[in-house]
């Protein structure tokens, strides 16, 4: 069970900053070119020094890795490439000693086609109890040769695959909203819910502080499995969602049950166990339904991640989140990047590539000033750009394998981190000259972003994050409380937190008068007194009485 410390508070998650660890790309302790749990454990002091409150680990379960662990073959184990359960227990214990929370990824929408559940479903045949765990259906057409409906998979192609039955004949079809190696589970079968209750308890008993829930708006599909009204939706965008397969009302019953499980553990020691969902829904109002008091504690608010670099777009997005989500009693969970998105330095570059780093630094400072929680994807604190020129023959993303297109391929943000030195593997891989190459090649220019270089340069991204996190932790103005918008120069977004903490961001390229006189407490770039340069954010403590609109 969890070991409580004096530093713990019951609702630690409300304003926590969590660092997302993509395990296979964080740090390799064995020399096989793939990051592992022992590598994460070795990196914990680095994360403690950065100042985050905890870590979220990407899937480390046994898996054939068709989608790098999001195809789970065993929900209660550790893939040997990452270590074993004993190493996981050591990682949790070390994190607790350092005061870091540990969240793990859980994947309830689908499992691996190599999971024992699916192997049994194939072996037992049509009508069996094992097949009820999944969405098996008869095909259309004269001989059942056509898929049961027109749904498309998120990663390309049909959402249906036909199986060969035990008698050797073509048979039923099964649903997979991602890849054929990831069959969707049927949450209308009570055995699925019962199994996941046991899985949650298995990890909670090992001391985890909570779960990041993959595809949290999925799980339930329209029971009739009818044709989609827009069969091309999922082909146009990986993030398009079929309204018949997502955001069904029954999914909220699952989160109420999971919340009840977590509350049992909280009742034992007074410490919240966190549920944070990957929720992709059309509006902040729909998003808010997932964080009602008896459901998820948090749900990632992706709208800020996708907002254009424009002060009006950011203000509208932030205001809607604070009105609709915070109105439930939860707090907004802000993100600027994750393992599925183009890194901020590249995403914000636009037509003028030189402004990408400045905008990414400004966005980070803005996010850390907002009320609520925040998640930081590994490497963002190093200012890593996207690696956009990986050769086709090294790409591993199933999107590329299924579509042949590099559009929206995610490998470029998953390249292993640079830790030290001037050449690959940049300290990522242990083992010296006999070590394997990193699983994705690191470009030469990664040397400019290596951790040792970032720590020694007080003007680096790393120091901006570290200083922002320290102030966020120590300034009462940056705790829970309202946000008041301030009137500003055109192209500038400014707000006040608490008693006189002002954050302002200049979204333009030219300098403007600063909204507060004097030297900033912290700025994302050079910021002389009285001036707010273009593509820059800054924090001030103001003695002036400010007036604005509360959110």
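Relative to the first principal axis of the alpha-carbon coordinates of the chain, what is the inclination of helix 251-269, with its axis defined by its Cα atoms, in degrees from 0 to 90 and to the nearest 10?
With rounding to tens, the tilt is 60 degrees.
How much length is gained on full extension from residue 519 to residue 194, taking 0.36 nm per residue of separation minus their Cα-Cα distance?
Details: separation 325, 0.36 × 325 = 117.00 nm, distance 5.76 nm.
Roughly 111.2 nm would be gained on extension.
Semi-axes of the equivalent ellipsoid for the chain, please: Cα gyration tensor eigenvalues, times 5, square-rooted, ordered largest first, whole Å.
39, 26, 24
How big is region 393-551 in terms of Cα radius of gyration and Dmax, in angstroms?
21.3, 64
Rounded to the nearest 5, what is the percent of antiparallel bridges among the DSSP beta bridges in the chain?
Of all bridge pairs located within the chain, approximately 55 percent are antiparallel.
Please arrange 18, 104, 399 by how many other C-beta atoms lie within 10 Å of their C-beta, fewest to most. Before the final figure, lay out the partial values.
Details: 18 27, 104 20, 399 23.
Fewest-to-most ranking of 18, 104, 399: 104, 399, 18.
Quick check: the angle from helix 356-369's long axis to the longest principal axis of the chain, C-alpha only, nearest 10 degrees?
The angle comes out at about 90 degrees.
Using the Kirkwood radius over Cα pairs, work out the Stokes-Einstein diffusion coefficient for region 116-175 at 37 °C and 0.692 mPa s, in µm²/s as a whole number. Working shown, then result.
Numbers: Rh = 11.9 Å.
Calculated translational D: 277 µm²/s.
Taking the simple approach of a point 7 Å from Cα along Cα-to-Cβ for both residue 48 and residue 76, what is their distance in nm?
Once both label points are built, they end up 3.2 nm from each other.
Evaluate region 221-348: find the radius of gyration of its Cα atoms, find its Kirkwood radius, and give the ratio Rg to Rh.
Radius of gyration over Kirkwood radius for region 221-348 works out to 1.01.
Considering only DSSP beta bridges with both partners in region 13-168, what is the antiparallel share in %, to the nearest 5?
Once the DSSP bridges in region 13-168 are tallied, antiparallel ones form about 20 percent.
Would you mind giving the three semi-axes, in whole Å and largest first, of the ellipsoid equivalent to region 67-142 according to its Cα gyration tensor?
The three semi-axes for region 67-142 are 36, 12, 10 Å.
Quick one: if the Förster radius is 35 Å, what FRET efficiency do residue 253 and residue 473 give, using the C-beta to C-beta distance and rounding to 0.05?
E between residue 253 and residue 473, to the nearest 0.05, is 0.45.
Explain nothing, just the number: relative contact order of region 116-175, from Cα pairs under 8 Å at least 6 residues apart, as a whole percent.
Numbers: 91 pairs, mean separation 18.4, N = 60.
The normalised contact order for region 116-175 reaches 31 percent.
Using a/c under 1.5 as the rounded threshold, could you call region 301-414 rounded, prolate or oblate? The axes a ≥ b ≥ c are square roots of the C-alpha gyration tensor eigenvalues, and prolate needs a/b larger than b/c, oblate otherwise. Walk me through the numbers before you get to the answer.
Working: a/c = 2.24, a/b = 1.69, b/c = 1.33.
Prolate, because a/c is 1.5 or more and a/b exceeds b/c.
Return the FRET efficiency for the residue pair residue 169, residue 480: r is the Cβ-Cβ distance, R0 is 60 Å, and the value is rounded to the nearest 0.05.
0.45
Note down the nm distance, to one decimal, between modelled labels 7 Å out along Cα→Cβ at residue 119 and at residue 458.
5.9
Percent of Cα-Cα pairs more than 21 Å apart in region 482-550, please.
14
How big is the Kirkwood radius of region 1-117, worked out from every pair of different alpha carbons and given in Å to one decimal?
Hydrodynamic radius (Kirkwood, Cα only) of region 1-117 equals 14.9 Å.
Given the -39500 (n - 2.57) contribution per DSSP H run of 4+ residues, what per-residue ellipticity at 222 nm results for the chain, rounded to the nearest 500 deg cm²/dmol?
The helix contribution divided over the chain gives -7500 deg cm²/dmol.
Return one number: the angle in degrees, 0 to 90 and rounded to the nearest 10, between the long axis of the Cα atoms of helix 190-204 and the longest principal axis of the Cα atoms of the chain.
That works out to roughly 40 degrees.
We did not get these values from a lab; they are worked out from the coordinates using the rules stated. Just so it is clear, the structure is predicted and the values come from calculations on it, not from any experiment. Positions of Cβ are generated from backbone atoms using ideal geometry, with glycine treated the same way; all protein chains shown enter the neighbour counts.
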